[in-house]
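J.: Please find one structure pasted underneath; my questions will follow.
The values are calculated or read from the model by the stated rules, or taken from the named source; none is laboratory data. Everything quoted here is computed from the prediction, not taken from an experiment. Quick reminder, even Gly has a Cβ in these numbers, built from the backbone with ideal geometry, and neighbours come from all protein chains shown.
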Amino acid sequence: MKLDTKSLRYLNPTDWRTLTGVETGSRNHEVVPTSLIATLSKSSVGDVQRSISILAKTNLIAKVKNAKYDGYRLTYGGLDYLALHSLQKAGIAYSVGNQIGVGKESDIFVVSDEKGEQRVLKIHRLGRVSFKKGVRNKRDYARTRIQKERGAGSWMYMSRLAAVKEHTFMQALKEAGMAVPTPLGQNRHQIIMSLVDGFPLRQIDKVPDPAGLYAELMDMIIQLASLGLIHGDFNEFNILIKEEEVEGTDGDVKLVPVLIDFPQMVSVDHADAEYYFQRDVNCVRRFFERRYGFVSDEPGPFFKDAKKMLGRDGTKRLDVNVEASGFSKKMARELETYMKEHGIDGDAQDRNTKNIDEDASDDTENEEDDHEHEDLEQTVETEQG
């Protein structure tokens with residue numbers, strides 16, 4: 001999905017209040033009545049009508065055909081703007097660059113702060129039409145159980161839950177010393193994290209020591225279990241490989257794996273924990289055999305053995321800590337149910353690398369001419385709420 005930030009700088013305070021009013025109204029209305037938008041934005045009807053015209057022209061809100069009354073709905077573009085505006089005000093992001101990745105339910109961009117330091121922006125898009133044609137024809141996001149319970153705001157709510165979960169888990173893992181990106185901020189469905197100077201494992205054709213890297217990845221899976229967690233989608237797509245200079249050597253480097261993508265992570269106490277654990281192990285095993293011709297002599301690791309490492313050396317359980325920090329069991333259940341209903345709970349076994357790479361390339365082809373960063377905004381004042 002194209003992220004066009006050109007209009008961000010031109011929105012005035014009334015425009016932001018109007019856009020926020022549509023977002024607020026979307027929690028209970030599939031189509032937010034124009035009169036309610038005016039009430040929520042605390043602006044005059046005339047000012048709101050002018051703002052609505054501007055927001056509709058820039059596709060931040062959309063008028064619904066055949067609606068029973070005059071009203072609008074929030075688009076993903078509108079939600080993008082609200083999140084970016086908040087992240088910019090917090091000093092976390094200043095400019096947006098090229099799209100560098102696309103997933104089934106997320107988009108990845110390079111952003112910079114005011115000093116020009118590059119970072120990564122991940123935008124969760126649960127509920128969008130997938131770029132995989134086979135999936136596109138099977139999904140019905142408008143008729144899920146959770147959609148019926150939560151109304152029109154389901155896709156916004158679920159995307160926000162995915163972002164909250166990923167940011168919370170990434171922060172906990174970073175503090176525990178795991179090799180993950182540094183989380184820098186989160187708002188609505190967006191996360192900003194440090195930029196890892198590396199490449200996905202799936203793009204690396206040769207490694208100097210397959211056995212050593214394989215053992216390191218298995219140790220990472222076990223270390224996660226010792227912290228009470230299972231990644232759930234531990235595979236060549238979600239492992240970045242970067243080079244680090246070996247201390248005390250004359251320029252020798254070593255390959256360091258960095259783990260990303262955490263919305264599907266579960267506790268070792270989860271009902272399907274053993275299944276997810278074994279799937280993570282098997283994903284790595286299959287990839288190393290297929291890509292590097294390496295087959296480990298060791299049959300494990302096994303879930304029962306990994307679980308014995310739980311809390312070793314007095315290590316705190318991150319699954320418990322994360323729940324205590326705000327990502328509740330209720331939120332976890334809702335997100336997990338939604339992801340299972342739509343086949344996005346870590347489906348690495350069914351992925352076809354070639355097809356995904358080609359689709360991703362097609363999706364970002366039109367972005368490559370835009371090499372200059374666009375300022376998010378320069379004059380926009382504080383948004384309401």
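J.: Can you name the residue in region 1-19 that is touching a Ser or Thr at 6+ places or on another chain (Cβ under 7 Å) and either closer than 11 Å to Leu55 by Cα or among the hydroxyl-bearing types (Ser, Thr, Tyr) (or both) and, of all such residues, is surrounded by the most Cβ atoms within 10 Å (Cβ to Cβ)? Write out each step before concluding.
T.: In the first step, residues of region 1-19 are kept if they are touching a Ser or Thr at 6+ places or on another chain (Cβ under 7 Å); the result is 7, 9, 14-15, 17-18.
Those still in the list that are either closer than 11 Å to Leu55 by Cα or among the hydroxyl-bearing types (Ser, Thr, Tyr) (or both) too: 7, 14-15, 18.
On the way: Ser7: 18, Thr14: 18, Asp15: 25, Thr18: 30.
Only one residue fits best here, namely Thr18.
Yes/no matrix, rows are residues, columns are (1) within 28 Å of Lys122 (Cβ to Cβ); (2) in contact (Cβ under 8 Å) with a residue 24 or more places away in the chain; (3) in a strand (DSSP E or B):
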site: Phe199; (1), (2), (3): yes, yes, yes
site: Arg202; (1), (2), (3): yes, yes, no
site: Pro208; (1), (2), (3): no, yes, no
site: Leu217; (1), (2), (3): yes, yes, no
site: Asp233; (1), (2), (3): yes, yes, no
site: Lys242; (1), (2), (3): yes, yes, yes
site: Glu247; (1), (2), (3): no, no, no
site: Asp261; (1), (2), (3): yes, yes, no
site: Tyr276; (1), (2), (3): yes, yes, no
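J.: Between a residue in region 37-66 that is at negative phi and in the same structural domain as Met156 (by TED's automatic domain parsing) and any residue that is loosely packed, with under 14 Cβ neighbours inside 10 Å and hydrophobic (A, V, I, L, M, F, W, C), which pairs come within a Cβ distance under 7 Å, given they are 6 or more apart or on different chains?
T.: Filtered contacts from region 37-66: Ala38/Val45.
J.: Here's another thing I want to ask about it. Quick check on this structure: which one of Val246, Val180 is farther than 22 Å from Arg119 by Cα and either crowded, with 18+ Cβ neighbours inside 10 Å or modelled with pLDDT under 95 (or both)?
T.: Unique residue meeting the criteria: Val246.
J.: May I ask you to list pairs of residues, at least six apart or on different chains, whose Cβ atoms are under 6 Å apart, with the first in region 280-308 being in the same structural domain as Asp233 (by TED's automatic domain parsing) and the second being aliphatic (A, V, I, L, M) and not in a helix (DSSP H, G or I)?
T.: The qualifying pairs are Glu289/Val295; Lys307/Val268.
J.: From the list Ile204, Ile241, Ile260, pick out the single residue that is crowded, with 21+ Cβ neighbours inside 10 Å and not assigned by TED's automatic domain parsing to the domain that holds Arg119.
T.: Details: Ile204 fails: crowded, with 21+ Cβ neighbours inside 10 Å; Ile241 fails: crowded, with 21+ Cβ neighbours inside 10 Å.
None of the others qualify; the one that does is Ile260.
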